[in-house]
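Enquirer: The structure is given below, and queries will be raised subsequently.
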Amino acid sequence: MRRTSKIAAVGLVVALALTGCGRSDTGTSKPGSGTSAAADNTICKDAKGDTKVGLAFDVGGVGDQSFNDSAYAGLKKAVSELGVACTTGEATDGEAESAREDRLRTMADAGMNPIVAVGFAYSEAVDKVSGDYPDVNFAVIDGFDPTGDAANDNVAYLGFAENEGSFLVGAAAGLKTKTNKVGFVGGVHMDLIKKFEAGFTQGVKAVNPKAKVLVGYIQESDLKGFGDPDGGKQVANGQLDRGADVIYHAAGGSGAGVFAAVTEAGKGQWAIGVDSDQYLTAPDDQKAHILTSMLKRVDVATFDMIKSVVDGAPLKSYSTFDLKADGVGYSTSGGFVDDIKAQLDQWAEKIKAGTIKVKTKP
Amino acid sequence: MNNMAAAAWSRKIGQALLAPLIALLVAMVVTSLVIMLAGASVGDFLSVLLRAPSNRNWVNIANQSVLLFLSALAASIGFRMNLFNIGVEGQYTLASYVAALVAGLAIFPGKLNILVAIVIAMVVGGIWAGIAGVLKVTRGVSEVISTIMLNAIAITMVGYLLNTYGQQYGQGRRTKPLSADSMFVGWVPFDARDGAIWTLGLLAVLAGVGISFLINRTRFGFDLRATGMNEAAAVASGVKVKQMVVISMVLSGAIAGLIWLPALFNGAAYYGPPFQRGLGFAGIAVALLGRNRPIGIAFGAVLFAWLNEQANPLGLLVGISPSVVQITQGVVVLAVVVAYEVVRRWATAREQKALRATLDKAAAASTDNDAKAVAS
């Protein structure tokens, strides 16, 4: 009896360890098995230069086909165009706050400058570490100064106007829907993702006041909502059942499930990608269903930060990458939005000119 | 006679150490194979994992060991009586949130605030675990199922409350931060930049000693162990098993409530993005590794903390994902259970052999005597 229950316990633990710890690997269809164990540092292996860039990834790392990959694309561009050397480090799911700090300190001790931290989760760690390395320039993508005390002179907080980009894909959804019902699938019900929802809803209503937006989130606070394709599929299926025919996801790796659900629902159903141009990385059968993607140009922000340091005038304090700065936008791969491109660009002009204010809260 | 007892004692310790060592070795071999398959260098991996920790690494290892120890201790209480409290994760999430919330309100002044928060965390964790205990004894619901479900409820509920009532804070939410006089500064063994050892690490020591005493030296502990070993026999000898189930679940949850408090009162100051998730599941693994004994758990916690901390810069230094260390941790837990069983059987076999040899000798001697008696 004791032994069987012990074996049962071990089985459970293994199952939990796999679900609990392995989240970083779920949801991303990584090309080749090697990438998950050996981080793809190919770009940094041969890169040489006077400026050494440290790039600290969020959970998921290279290969998430979304957020982290976008930052990596910016680094690649910097290596080829600016001639910089680099190292990268990756976060593990559920890691201690001290682990993030240690990653940044290790980079700073190794002479990296600038150090770009990818993801808002690094905000606290950068705040603690930056004071000890006044000569090193830090940047946090989506970050902010948590203390709000004397601003850190050597930290740049690179934010995005995701609401503006979401407005444009919302307009696309509003124009394309035949059922007058569109869906929004958020990964985690947090303020950052609500910003996507707010812009999207406003965009839909702007072009199609009759349309209804069905909103669903995968998780309330658990960050696994960004790496849970099954959860994404469930929420998307619910919306499809209620008549939605265009679904926008802001759910990172969970988006794969949204694409799958829409593809299974068949012809005339659309999905809208996020962060990167997801048409380019989707499997062939799903491509015909990816209307467009909301581009969040993390690569632009990463590249700009590195360039500013190379040029000797490092970015500081808050910068917002909005439509005007080409920090957000929409993709046209696949050609599905070609017929409405003129309309979308008109809306974009209005936002750039400030005649339309896009909400940040739903 | 004394010598023999000492020899038996040292043999026992040797056996206790042998199994974890074998398990660790197996885990390293498996991890190495995975790394080789992925096309990376095993030498690089080992050199990073076994390098001398820097000052700040030592501090982090110590602090993380404390959290893992508390988590494993919480899980071990249930395990000792065959109760699988898988809900440590939810219990400490909810308890940490409520404790941070109440402490942030600063109803009590200064350090008294901390004391109150500790009590509240234990009560919340205890109640949350107690639900599973009550369900088990009244409705026969398996505690494995109910605690897993309670995890999901606790995590979602905390998320909802934080999103709805939390303080706006960058792109996220948090509870109201503690005032500086309700925080500890900790003990700084090296430079300030290397970090401080958390003051509430003392909680781990107190809880470890307390639970150890409770289980080994009290009537309650005896009942608990007896129930774990043979429930029918325990019932027959008058142990109130239902009562025991509820009490040990509550106790387990109360300890779970403490898990994140050392971090809260030394570095974090609020519940929000810096909250460390996943400790509840890691604790189950550490408890199994430590055979549910506080001393064993302490070693297991240090081992896991060491692996986590040392693996962190793997990506930076040698281009291997730090996630591979989770393979090491997973295999070590699997292997240790097998290794204990193998060592136990081997030891039993050896004992039997020794006994048989002695008996044979005695038998031979007696037949000898018999023969002599017949001859004369």
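The values are calculated or read from the model by the stated rules, or taken from the named source; none is laboratory data. These figures come from a predicted structure and were not determined experimentally. Glycine gets a Cβ as well: all are built from the backbone with ideal geometry, and neighbour counts include every protein chain shown. What goes into the accessible areas is simple: the full protein's heavy atoms, side chains included, and nothing from ligands, DNA or RNA. Shrake-Rupley method; radii C 1.70, N 1.55, O 1.52, S 1.80 Å.
Enquirer: How much of the DSSP beta bridge set in chain A is antiparallel, as a percent to the nearest 5? Write out the running numbers ahead of the final one.
Expert: On the way: 4 of 45 bridges.
The antiparallel fraction comes to roughly 10 percent.
Enquirer: For residue A:205, go through the aspartates and glutamates and keep the ones whose alpha-carbon is under 20 Å away, minus same-chain ones fewer than eight residues off.
Expert: Residue A:205 reaches A:162, A:164, A:197, A:245, A:339, A:345, A:349.
Enquirer: What size of dipole, in debye to the nearest 20, comes out for the protein assembly as shown about its Cα centre when the only charges are +1 on Lys and Arg C-beta atoms and -1 on Asp and Glu C-beta atoms?
Expert: On the way: 65 positive and 61 negative charges, 529 e Å.
Taking the Cα centre of the protein assembly as shown as origin, the dipole is about 2540 debye.
Enquirer: Moving on. FRET efficiency for residue B:116 and residue A:110, Cβ-Cβ distance as r, R0 = 35 Å, nearest 0.05?
Expert: Working: r = 44 Å, r/R0 = 1.26.
The calculated FRET efficiency here is 0.20.
Enquirer: Continuing with the same structure: Relative contact order for region A:108-161: what percent, with Cα pairs under 8 Å and sequence separation of 6 or more?
Expert: Values: 91 pairs, mean separation 19.4, N = 54.
For region A:108-161, the relative contact order is 36 percent.
Enquirer: Here is a further query. Am I reading the A/B interface right? What is its buried accessible area, both sides, 1.4 Å probe, to the nearest 100 Å²? Kindly include the intermediate steps, with their values, before the conclusion.
Expert: Values: alone 16020 and 19610 Å², together 30850 Å².
In total, chains A and B hide about 4800 Å² from solvent.
Enquirer: Same structure again: Take residue A:324, project a point 7 Å from its Cα along the Cβ direction, then tell me which residues of region A:261-300 have their backbone nitrogen under 18 Å from it.
Expert: Of the residues in region A:261-300, A:297 have backbone N under 18 Å from the label point off residue A:324.
Enquirer: As a quick test, which of the pairs A:181/A:224; A:296/A:352; A:316/A:352; A:195/A:224; A:194/A:233; A:178/A:341 have an alpha carbon distance above 25 angstrom in this structure? Working shown, then result.
Expert: Details: A:181/A:224 27 Å; A:296/A:352 16 Å; A:316/A:352 23 Å; A:195/A:224 19 Å; A:194/A:233 19 Å; A:178/A:341 18 Å.
Too far apart for the 25 Å limit: A:181/A:224.
Enquirer: Let me ask something else. Hey, what's the Cα Rg ratio for chain B versus the globular rule of thumb, 2.2 N^0.38 Å?
Expert: Numbers: Rg = 24.9 Å, N = 376, 2.2 N^0.38 = 20.9 Å.
Ratio of Cα Rg to 2.2 N^0.38 Å: 1.19.
Enquirer: Here is a follow-up. How many angstrom separate the Cα center of region B:134-180 from the Cα center of region B:55-76?
Expert: Cα centroid of region B:134-180 versus Cα centroid of region B:55-76: 22 Å apart.
Enquirer: Here's a follow-up. Would you calculate the volume per residue, in Å³, of the smallest convex hull containing every Cα atom of region B:262-376? It would help to have the intermediate numbers written out before the result.
Expert: On the way: hull volume 17.5 nm³, N = 115.
Expressed per residue, the convex hull around the Cα atoms of region B:262-376 is 152 Å³.
Enquirer: Quick check for you: with a 1.4 Å probe and neighbouring chains kept, what is the accessible area per residue of the protein assembly as shown, in Å²?
Expert: For the protein assembly as shown, the solvent-accessible area averages 42 Å² per residue.
Enquirer: Please report how far the C-alpha centroid of region B:1-40 lies from that of region A:49-63, rounded to the nearest whole angstrom.
Expert: 38 Å
Enquirer: Using alpha-carbon pairs under 8 Å, 6+ residues apart, how would you state the relative contact order of region B:1-149 in percent? Mind showing how you got there, number by number?
Expert: Values: 66 pairs, mean separation 25.1, N = 149.
Once normalised by length, the contact order is 17 percent.
Enquirer: Within chain B, count lysine pairs with alpha carbon atoms under 29 angstrom apart where the residues are 8 or more positions apart or belong to different chains.
Expert: So the count works out to 8.
Enquirer: Run the accessible area of chain B with a 1.4 Å probe and give the carbon-and-sulfur part as a rounded percent.
Expert: C and S atoms contribute 69 percent here.
Enquirer: Sticking with this structure for a sec: At a 1.4 Å probe radius, carbon and sulfur cover how many percent of the accessible area of region A:315-356? Walk me through the numbers before you get to the answer.
Expert: Numbers: 1100 of 2300 Å².
Carbon with sulfur: 48 percent of the solvent-accessible area.
Enquirer: Additional query: Any idea which of A:256, A:238, A:269 is furthest toward the positive side of the dipole for region A:228-274, if Lys and Arg beta-carbons carry +1 and Asp and Glu beta-carbons -1?
Expert: A:269
Enquirer: Helix-only mean residue ellipticity at 222 nm, the protein assembly as shown, DSSP H runs n ≥ 4 weighted -39,500 (n - 2.57), per residue, nearest 500. What is it?
Expert: Numbers: 27 runs with 431 residues, N = 738.
Calculated mean residue ellipticity at 222 nm is -19500 deg cm²/dmol.
Enquirer: For an R0 of 35 angstrom, estimate the FRET efficiency from the Cβ-Cβ distance between residue A:205 and residue A:316 and round to the nearest 0.05. All intermediate terms of the calculation are to be shown ahead of the outcome.
Expert: Numbers: r = 37 Å, r/R0 = 1.07.
With a Förster radius of 35 Å, E is 0.40.
Enquirer: At a 1.4 Å probe, which residues in region A:184-209 are at least 10 Å² less accessible with all protein chains present than in their chain isolated?
Expert: For region A:184-209, once contacts with the other chains are taken into account, A:189, A:190, A:191, A:192, A:194, A:195 lose 10 Å² or more.
Enquirer: Another question, then. Within chain B, which DSSP H helices have Cα atoms that stretch 30 Å or more along the helix axis and a mean Kyte-Doolittle hydropathy of at least 1.0? Mind dumping the intermediate values first?
Expert: Working: long enough: B:2-37 (53 Å, 1.47); B:55-80 (37 Å, 0.58); B:110-139 (44 Å, 1.63); B:143-165 (31 Å, 1.25); B:324-375 (74 Å, 0.35).
Span-like helices, by this rule, are B:2-37, B:110-139, B:143-165.
Enquirer: Shifting gears a bit: When only Cα pairs under 8 Å and 6 or more residues apart are kept, what is the percent relative contact order across chain A? Could the numbers behind the result be given before it?
Expert: Numbers: 775 pairs, mean separation 63.9, N = 362.
Relative contact order, chain A: 18 percent.
Enquirer: Across peptide B:329-338, how many C-beta atoms of other chains are within 10 Å of each residue C-beta, on average? Please report the intermediate quantities before stating the final value.
Expert: Numbers: counts 2, 6, 1, 0, 5, 5, 0, 1, 6, 2.
Per-residue shielding by partner chains comes out at 3.
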